[in-house]
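Student: Dropping the structure in here first, questions after.
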Amino acid sequence: MGSIATGAPHVLIVGAGIGGLFLAQFFRKQGISFSIFERDASPDARFPGWAIGLNMLDDFESFMPDDVPSLRTANHLLPLDLPSQFIMYPPGGARIGVEDTPKTPCVRVNRKKLRSLLLTGVPVQWGKKVVRVDEDRTATTVTAHFEDGTSATGGLLVGADGTWSKTREQVLGRSNTETLEAMPMAMISGETTIKNDGDEEEGFLAKQLRLAHSSYIAIRPGNTFFCGVDQVSPSGDGANFYWFLYMRDDTAADADHWLRTATKEEKYARVLDVTESLQMDPRHTEIVRRGSPDDVTEAFSLYYDAIIETLPVQGRRILLIGDAAHPTTPFRGEGGLMAIKDALQLSNLLGEAATSGLDATTLQSRLEAFQDDVTKRGAAVVQMSRNAIMGTGGPANPANNQKPRSWGYEVRPIAESTRPLGLGKTAE
């Protein structure tokens with residue numbers, strides 16, 4: 001069996017998303033040598049995704065270099081002084097969820113702001129799409145080959161390249177289309193900006209924020225309506241919202257599914273019909289009815305996941321973290337957190353190797369144990385996230401007596417806040 005050289009090897013990180021950038025920052029803190037590559041041509045080449053809820057954010061900061069600004073400055077609610085909050089509205093009228101408190105610290109961050117912070121001091125090499133990875137087990141090296149004809153060699157390669165990971169294909173020896181499973185869930189989404197309509201505490205913007213400061217879901221068997229804030233305007237007088245209607249549909253992945261060619265008007269009409277037929281509280285879907293078909297997004301979307309319980313890692317110099325190792329749907333809000341935990345665990349392991357001089361055999365063994373732990377923990381989270389939306393778990397239909405969770409915490413009853421929201425005045 002080949003082995004990694006004594007001490008911490010130079011690490012090639014493939015992917016500059018949340019997992020890859022946190023890993024790079026953790027490496028910077030510990031002085032571990034790395035190079036990081038991203039297939040996108042620039043930080044703004046592709047939409048980074050909507051806001052994401054993270055717990056342990058304050059704890060993670062102690063592992064970051066001093067030049068990285070506080071991660072809380074990426075809070076999607078700033079400049080409003082409101083705690084991040086996720087609320088579930090299951091059948092029966094309950095109001096349960098998770099809120100940022102000293103006992104349950106969690107912050108929902110705008111992904112673009114977070115990525116900007118995480119790029120501090122990190123020399124990402126952009127426009128580097130991996131096409132092949134070669135391992136030399138005799139020389140204990142791994143080489144990534146990129147679409148532009150260049151290559152890079154290190155002692156270890158970490159695939160942090162997301163759900164459609166090219167690195168995973170290399171490790172498993174099969175395509176992602178064979179590994180990933182499409183969720184049988186049809187989705188229609190929209191986005192809109194709501195401005196303060198003149199009444200700071202009783203206007204429509206205030207009503208939306210009181211449903212949940214950050215995001216909420218209205219749950220019915222087989223169907224879920226989600227609405228969230230992505231970012232509050234700098235003046236605090238408006239916010240960008242996005243919403244999804246999820247509908248159980250075993251044909252969602254079919255090549256001729258109606259949503260692939262549906263117009264905005266057809267999608268909008270379906271959302272109105274479904275939410276009305278389910279007798280959802282009108283407050284929860286008012287954001288749709290106040291809008292128009294123009295708010296509906298054109299892209300056809302599907303979620304994919306995969307339960308990968310083992311990876312062939314013995315003697316390998318390729319590891320996977322985040323969605324590359326455990327592609328997770330967002331229904332429990334834990335995919336991003338898992339990626340960060342993977343990154344921290346790996347950086348601590350390599351930090352120990354650098355300072356304690358682990359011998360090659362011991363280091364190889366610990367890296368293999370790390371990957372085994374990541375895949376097993378990840379497989380459990382993927383399954384629970386799948387249960388939460390498929391009606392075999394969650395507040396509408398708990399499975400195996402599991403209590404509903406989000407952002408890493410069990411949900412609890414949360415009363416609607418009556419505190420002033422601090423909204424800005426309507427812009428002239």
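Quick grid of which residues meet (1) in contact with a Leu (Cβ under 8 Å, 6 or more places away or on another chain); (2) within 16 Å of Gly19 (Cα to Cα); (3) not aromatic (Phe, Trp, Tyr):
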site	(1), (2), (3)
Leu320	yes, yes, yes
His326	no, yes, yes
Gln345	no, yes, yes
Asn348	no, yes, yes
Thr362	no, no, yes
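Student: OK, next. Looking for whichever is under 29 Å from Met56 (Cα atoms) and modelled with pLDDT under 95 here; the options are Gly121, Gly162, Gly155. Which one fits? Steps first, answer last, please.
Tutor: Values: Gly121 fails: modelled with pLDDT under 95; Gly155 fails: under 29 Å from Met56 (Cα atoms).
Residue meeting the stated conditions: Gly162.
Student: What's the number of the condition Ala380 fails, among (1) under 20 Å from the mean Cα position of the chain (by Cα); (2) of a type in the set (A, V, I, L, M, F, W, C); (3) in a loop (DSSP other than H, G, I, E, B); (4) surrounded by fewer than 22 Cβ atoms within 10 Å (Cβ to Cβ)?
Tutor: (3)
Student: Test Thr418 against the criterion of being of a type outside the set (A, V, I, L, M, F, W, C), on the phi < 0 side of the Ramachandran plot and modelled with pLDDT under 85, and give yes or no.
Tutor: On the way: of a type outside the set (A, V, I, L, M, F, W, C): yes; on the phi < 0 side of the Ramachandran plot: yes; modelled with pLDDT under 85: yes.
Yes, satisfied.
Student: Specify which of the listed residues (Gly408, Gly391) is open to solvent by less than 40 Å² (accessible area, probe 1.4 Å), modelled with pLDDT of 50 or more and in contact with a helix residue (DSSP H, G or I) (Cβ under 7 Å, 6 or more places away or on another chain). Step through it out loud before you land on a result.
Tutor: Values: Gly391 fails: in contact with a helix residue (DSSP H, G or I) (Cβ under 7 Å, 6 or more places away or on another chain).
Matching residue, one of Gly408, Gly391: Gly408.
Student: Also: Of everything in segment 273-328, what is modelled with pLDDT of 90 or more, buried (at least 18 other Cβ atoms within 10 Å of the Cβ) and among the hydroxyl-bearing types (Ser, Thr, Tyr)? Give them in sequence order.
Tutor: The answer is Thr275, Thr285, Tyr303, Tyr304.
Student: Considering only segment 208-222, I want to know if a residue exists there that is open to solvent by 60 Å² or more (accessible area, probe 1.4 Å), at pLDDT below 95, at negative phi and under 27 Å from the mean Cα position of the chain (by Cα).
Tutor: Looking only at segment 208-222, we keep the residues that are open to solvent by 60 Å² or more (accessible area, probe 1.4 Å), and these are 221.
Next, from what is left, pick out any that are at pLDDT below 95: 221.
Those left that are additionally at negative phi: 221.
When the remaining residues are screened for being under 27 Å from the mean Cα position of the chain (by Cα), the result is 221.
Among the residues of segment 208-222, at least one is open to solvent by 60 Å² or more (accessible area, probe 1.4 Å), at pLDDT below 95, at negative phi and under 27 Å from the mean Cα position of the chain (by Cα), which makes the answer yes.
Student: Still on this structure, please answer the following. Taking the condition of being outside any loop (DSSP other than H, G, I, E, B), out of contact with any Pro (no Cβ under 9 Å at 6 or more places or on another chain) and small (Gly, Ala, Ser), how many residues in segment 231-286 meet it?
Tutor: 3
Student: Is there a residue being touching a Ser or Thr at 6+ places or on another chain (Cβ under 8 Å), buried (at least 19 other Cβ atoms within 10 Å of the Cβ) and not in a helix (DSSP H, G or I) anywhere in segment 358-369? Full working, then the answer.
Tutor: Taking segment 358-369 first, the residues touching a Ser or Thr at 6+ places or on another chain (Cβ under 8 Å) are 358-361, 363-364.
Still in the list and also buried (at least 19 other Cβ atoms within 10 Å of the Cβ): 358, 363-364.
Imposing the further condition that a residue be not in a helix (DSSP H, G or I) reduces the set to 358.
Yes, segment 358-369 has at least one match.
Student: Across segment 239-256, what is the number of residues that are open to solvent by less than 50 Å² (accessible area, probe 1.4 Å) and either among the charged types (D, E, K, R) or farther than 23 Å from Tyr268 by Cα (or both)?
Tutor: The qualifying residues number 1.
Student: Out of (1) part of a strand (DSSP E or B); (2) at pLDDT below 95; (3) in contact with a Phe, Trp or Tyr (Cβ under 6 Å, 6 or more places away or on another chain), what's the single condition that is false for Ser189?
Tutor: (2)
The values are calculated or read from the model by the stated rules, or taken from the named source; none is laboratory data. All values derive from a computational prediction rather than experimental measurement. When we count neighbours, we look across all protein chains shown, and the Cβ atoms used for this are built from the backbone with ideal geometry, even at glycine. The protein model used for the area step is the full one, side chains on, heavy atoms only, and it has no ligands, DNA or RNA in it. Shrake-Rupley method; radii C 1.70, N 1.55, O 1.52, S 1.80 Å.
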